[in-house]
1. Give a residue-ordered list of calculated ³J(HN,Hα) values for the stretch 143-152 (Karplus: 6.51 cos²θ - 1.76 cosθ + 1.60, θ = phi - 60°; whole Hz; x for Gly, Pro).
2. Looking at the stretch 42-160, send over the antiparallel percent of its DSSP beta bridges, to the nearest 5.
3. From the square roots a ≥ b ≥ c of the eigenvalues of the alpha-carbon gyration tensor of the stretch 63-141, which class results: rounded (a/c under 1.5), prolate (a/b over b/c), or oblate?
4. Using modelled amide H (1.01 Å from N, peptide plane; none on Pro or chain starts), what sits under 5 Å from the amide H of Gly146, excluding residues fewer than 5 places away?
5. For Ala91, project a label point 7 Å along Cα to C-beta. Then give me every residue of the stretch 145-160 with its amide nitrogen under 13 Å of that point.
6. Could you give the dipole magnitude of the chain about its Cα centre, charging the beta-carbon of Lys and Arg +1 and that of Asp and Glu -1, in debye to the nearest 20?
7. Rounded to the nearest 500 deg cm²/dmol, what is the calculated helix-only ellipticity per residue at 222 nm for the chain, with -39500 (n - 2.57) per DSSP H run of length n ≥ 4?
8. HN-Hα J couplings of the stretch 117-133 from phi, Karplus 6.51/-1.76/1.60, θ = phi - 60°, integer Hz, Gly and Pro as x?
Amino acid sequence: MSTRIGQGYDVHAFSADADRPLVLGGVRIEGSAGLAGHSDADVVAHALADALLGAAGLGDLGRHFPSADQAWAGADSIGVLAEVVAKVAAAGYRVLNADCTVVAETPRLSPHTAAMATRLAAAIGAPVSVKATSTDGLGSIGRGEGIASLAVALVESTEP
Ligand SMILES: [Zn+2]
């Protein structure tokens with residue numbers, strides 16, 4: 001059995017559009033500004049998708065879902081994640097687990113991490129953990145200008 005690891009990183013700025021919802025790990029978080037982006041700007045799902053693609057040696061998310069592609073406009077990133085898992089499976093890999101860290105100064109995300117983990121695990125068919133951290137007020141994330149996420153994923157070859 002051979003296993004491979006992948007990492008992913010994504011960051012989106014907060015949107016100036018007050019009507020844009022904040023969606024993280026497939027969970028809509030009320031009472032906060034949304035993130036700017038062509039899709040639903042779900043940084044956690046995007047970082048996880050990049051980690052899965054990286055583990056399977058399939059390149060990055062932008063290669064598979066170009067932001068110039070209209071099909072990707074306003075896309076639900078949980079659906080994108082399911083498509084990524086299908087690509088990973090087609091490449092001969094099964095997902096073993098994933099671990100994500102969301103970096104945000106605001107809003108406070110710890111009450112939402114369990115729901116994100118449940119939603120993401122259902123999307124990729126493997127255990128997912130989600131952790132939240134801040135940057136102690138440092139940098140652009142610390143100034144509340146956006147939200148970032150990191151992810152690692154482990155896959156194993158389905159070939160004998
Ligand atoms: Zn993104």
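1. So the Karplus estimates, Gly and Pro as x, are 7, x, 8, x, 9, 10, 8, 10, 8, 10 Hz.
2. Values: 10 of 16 bridges.
Roughly 60 percent of the DSSP beta bridges within the stretch 42-160 come out antiparallel.
3. Numbers: a/c = 2.27, a/b = 1.41, b/c = 1.61.
Since a/c reaches 1.5 but b/c is at least a/b, the shape of the stretch 63-141 is classed as oblate.
4. Counting only residues 5 or more places away or on other chains, the set is Phe14.
5. 153-158, by backbone N distance to the label point.
6. Values: 10 positive and 17 negative charges, 60 e Å.
Value, rounded to 20: 280 debye.
7. Details: 5 runs with 47 residues, N = 160.
After summing the helix terms and dividing by the residues of the chain, the value is -8500 deg cm²/dmol.
8. Karplus-based 3J(HN,Hα) across the stretch 117-133 equals 4, 5, 5, 5, 4, 5, 5, 9, x, 7, x, 10, 10, 10, 10, 10, 9 Hz.
The values are calculated or read from the model by the stated rules, or taken from the named source; none is laboratory data. Nothing here was measured: the structure is a model prediction, and the numbers come from that model. Cβ atoms come from the backbone with ideal geometry, glycine included; neighbour counts cover every protein chain shown. Surface accessibility is based on the protein's heavy atoms, side chains included, excluding ligands, DNA and RNA. Shrake-Rupley method; radii C 1.70, N 1.55, O 1.52, S 1.80 Å.
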